Amino acid sequence: MLTSLRKQEGFTLIELMIVVAIIGILAAIAIPNFIAYQAKSKQSEAKVSLGAIFTSAVAYQAESQNPQSYSPPAISNIGWQPSGTPRYSYWYQDGVNVANGNGTTVTRFPGSSNAATPCNVTVAPASGGFNVLATSTGFTAGANGNVDGDVACDHWFINDQRNLQNPNNDVSLAN
């Protein structure tokens, strides 16, 4: 009977503890990277929407008259609005000054995110020397959002040269 107990096969407690430790180490490495990749993928919303704003603003400027300007009298004249449930609020300068074609008011597009916590996206983005503006000769549109649930906002800007900038990157601040 003693020999039959010695011939039983299976895993020892030490072997099981080593396997659990290895799985724990792999999870500790993989989970933060996965969260960062998720946040980066959420930033694509701002990139795509700002590209659409660029297209709409250029089309508006080409069709506007007296004076020809990137700044419309009202934000609705741009002809763009976010769809679905956006994570970002999108901003553009409207209220054209007829004398010089410059915008007078920074306005949020209707349908934009209005989340005020933990990062307040109801204020126009301004960081890294970038501001939302529209003149007779150019524009800069902005997006303000929170992709990872912390207090830092993610700011994106696109200008009339289709130059996309992210001076306040919420994803890199989390790392």
- Item | Pairs where the first residue, in region 111-134, is over 15 Å from Ala152 (Cα atoms) and the second is open to solvent by 70 Å² or more (accessible area, probe 1.4 Å) and at pLDDT 90 or above, C-beta under 7 Å, 6+ apart | Gly111/Gln81; Ser113/Arg87
- Task: With respect to Thr85, determine if the residue is under 26 Å from Gln38 (Cβ atoms) and open to solvent by 40 Å² or more (accessible area, probe 1.4 Å).
- Result: yes
- Of all the residues that make up region 39-75, how many are open to solvent by 80 Å² or more (accessible area, probe 1.4 Å), under 22 Å from the mean Cα position of the chain (by Cα) and at pLDDT below 95? 1
- Message: I need the full set of residues from region 157-175 which are open to solvent by less than 30 Å² (accessible area, probe 1.4 Å), more than 21 Å from Ser69 (Cα to Cα) and either touching a Phe, Trp or Tyr at 6+ places or on another chain (Cβ under 7 Å) or acidic (Asp, Glu) (or both), in order please.
- Response: Asp170
- Message: Go through (1) within 26 Å of Val58 (Cα to Cα); (2) in contact (Cβ under 8 Å) with a residue 24 or more places away in the chain for Thr105 and report which single condition fails.
- Response: (2)
- Query: Only one of (1) surrounded by fewer than 21 Cβ atoms within 10 Å (Cβ to Cβ); (2) touching a strand residue (DSSP E or B) at 6+ places or on another chain (Cβ under 8 Å) is not met by Thr140, so which one is it?
  - Reply: (1)
- Query: Can Asp154 be described as among the charged types (D, E, K, R) and open to solvent by less than 40 Å² (accessible area, probe 1.4 Å)?
  - Reply: yes
- State yes or no: is Val123 open to solvent by 10 Å² or more (accessible area, probe 1.4 Å), at pLDDT 90 or above and in contact with a strand residue (DSSP E or B) (Cβ under 6 Å, 6 or more places away or on another chain)? no
- Pick out the one residue from Ile25, Ile35 that is open to solvent by 80 Å² or more (accessible area, probe 1.4 Å), modelled with pLDDT of 90 or more and closer than 30 Å to Asn146 by Cα. Ile25
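The values are calculated or read from the model by the stated rules, or taken from the named source; none is laboratory data. None of these values were measured; they are calculated from a predicted model. Cβ sites come from the backbone with ideal geometry, for glycine too, and all protein chains shown count toward neighbours. With ligands, DNA and RNA removed, areas are computed over all heavy atoms of the protein, side chains included. Shrake-Rupley method; radii C 1.70, N 1.55, O 1.52, S 1.80 Å.
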